[in-house]
Amino acid sequence: MRISRLALMAGALATVLFAGTAHAATVSAPAYKPALAKSPIYKTGKLGLETCEEQKLESGSVDEVRGYLDAVLDCLNAAWEPKIKKAGFAFSKPKFQVITKIGAPTGCGGYPAGAQALYCSLNNKITFLVTPGLVEEPGDLLPMVVIAHEYGHHIQQLTGMFKAMGGYSGKSEATFLDAVRRFELQAECLAGVFIGNVWHSLDRRQTEFDYIVKHGGTGLDLSAIGVKVKGWGEQTHGSAANIGRWLKRGFDTESAGGCNTWKAPKSQVS
Ligand SMILES: [Zn+2]
């Protein structure tokens, strides 16, 4: 089977919170802030949506992709709104735009090369890049995983996790990268929660999901964080095996409670 190009460059995250300078130091495993490690979102139980009508993605044209992702976003909003509220937070939908060129404005600066999508915490906006070849096979599952990952960042925004992350940007490089990986792997897990919950309403085979898990989910992206911390890929998003692990854990649990990466052993967030 082919390895989708998307798998190699999805799911970027951009925010000025990560602008702090990193300094080398030895650090033991940190105890993360309650907003991260003890969020009430973990106690909200399984998603209750179960049904999402997925449109067929065939040509990869801008209009088709926008329509497809709009519909998936409707499902994501419907799935997560009750859980965000149940956890005691205000809910709002993320803004969303589709672009076709690197450098387009995102609210967090120009869109960086190498990313498939991006969430900007300054304006709560998801930006998705559509380029020729986005859809390599009709019905590709990966765009759904990518948008669900970016939505994971929106959940982190609504629940105050984004803000809590800001406290780690001025820490040692090792501490900061540990936090960034937990943050990214959590977004991947939250993507899995949604997809697992609506899976049986999608007209898909289990092998399609297993394939993405095996190849590291939305993958090793060149994210906007990476620009600031010098180092891409595994350092900021975790190994392919661990990305797949958290995507699957979310899928299997269908609950944000399965996605507390902040308490996971280091080996699962490396
Ligand atoms: Zn991300």
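In segment 65-108, which residues are in a helix (DSSP H, G or I), of a type outside the set (A, V, I, L, M, F, W, C) and closer than 16 Å to V146 by Cα?
The answer is R66, G67, Y68, D70, D74, N77.
Among the residues of segment 37-47, which ones are in contact (Cβ under 8 Å) with a residue 40 or more places away in the chain and either of a type in the set (A, V, I, L, M) or surrounded by fewer than 17 Cβ atoms within 10 Å (Cβ to Cβ) (or both)?
A37, P40, I41, K43, G45, K46, L47
Which members of segment 92-121 meet the condition of being hydrophobic (A, V, I, L, M, F, W, C), more than 22 Å from E188 (Cβ to Cβ) and surrounded by 15 or more Cβ atoms within 10 Å (Cβ to Cβ)?
Hit for segment 92-121 is I99, nothing else.
Give the residues of segment 190-208 that are within 16 Å of the chain's Cα centre (by Cα) and away from the ligand (no atom under 16 Å from the Cβ), sorted by residue number.
Residue satisfying the conditions is G196 alone.
Of all residues in segment 185-238, how many are basic (K, R), modelled with pLDDT under 65 and assigned to a loop (DSSP other than H, G, I, E, B)?
1
Give me a count of the residues in segment 174-189 that are small (G, A, S) and more than 9 Å from the ligand (Cβ to nearest atom).
2
Residue-by-condition table, conditions (1) at positive phi; (2) touching a residue at least 60 places away in the same chain (Cβ under 8 Å):
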{"position": "I84", "(1), (2)": "no, yes"}
{"position": "V98", "(1), (2)": "no, no"}
{"position": "T106", "(1), (2)": "no, yes"}
{"position": "Y111", "(1), (2)": "no, no"}
{"position": "C120", "(1), (2)": "no, yes"}
{"position": "N124", "(1), (2)": "yes, no"}
{"position": "L129", "(1), (2)": "no, no"}
{"position": "V145", "(1), (2)": "no, yes"}
{"position": "Y151", "(1), (2)": "no, yes"}
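From the residues in segment 144-167 that are surrounded by fewer than 24 Cβ atoms within 10 Å (Cβ to Cβ) and not hydrophobic (A, V, I, L, M, F, W, C), which one is farthest from the chain's Cα centre (by Cα)?
The residue in question is G167.
Yes/no matrix, rows are residues, columns are (1) within 12 Å of the ligand (Cβ to nearest atom); (2) within 15 Å of V98 (Cα to Cα); (3) at pLDDT 90 or above; (4) out of contact with any Asp or Glu (no Cβ under 7 Å at 6 or more places or on another chain):
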site	(1), (2), (3), (4)
P112	no, yes, no, yes
Y119	yes, yes, yes, no
T127	no, yes, yes, yes
V130	no, yes, yes, yes
E136	no, no, no, yes
G139	no, no, no, yes
P143	no, yes, yes, yes
E150	yes, yes, yes, yes
H154	yes, no, yes, yes
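The values are calculated or read from the model by the stated rules, or taken from the named source; none is laboratory data. Being a predicted model, the structure only gives us computed values, none of them experimental. A quick note on method: Cβ atoms are made from the backbone with ideal geometry, for glycine too, and the neighbour counts reach across all protein chains shown.
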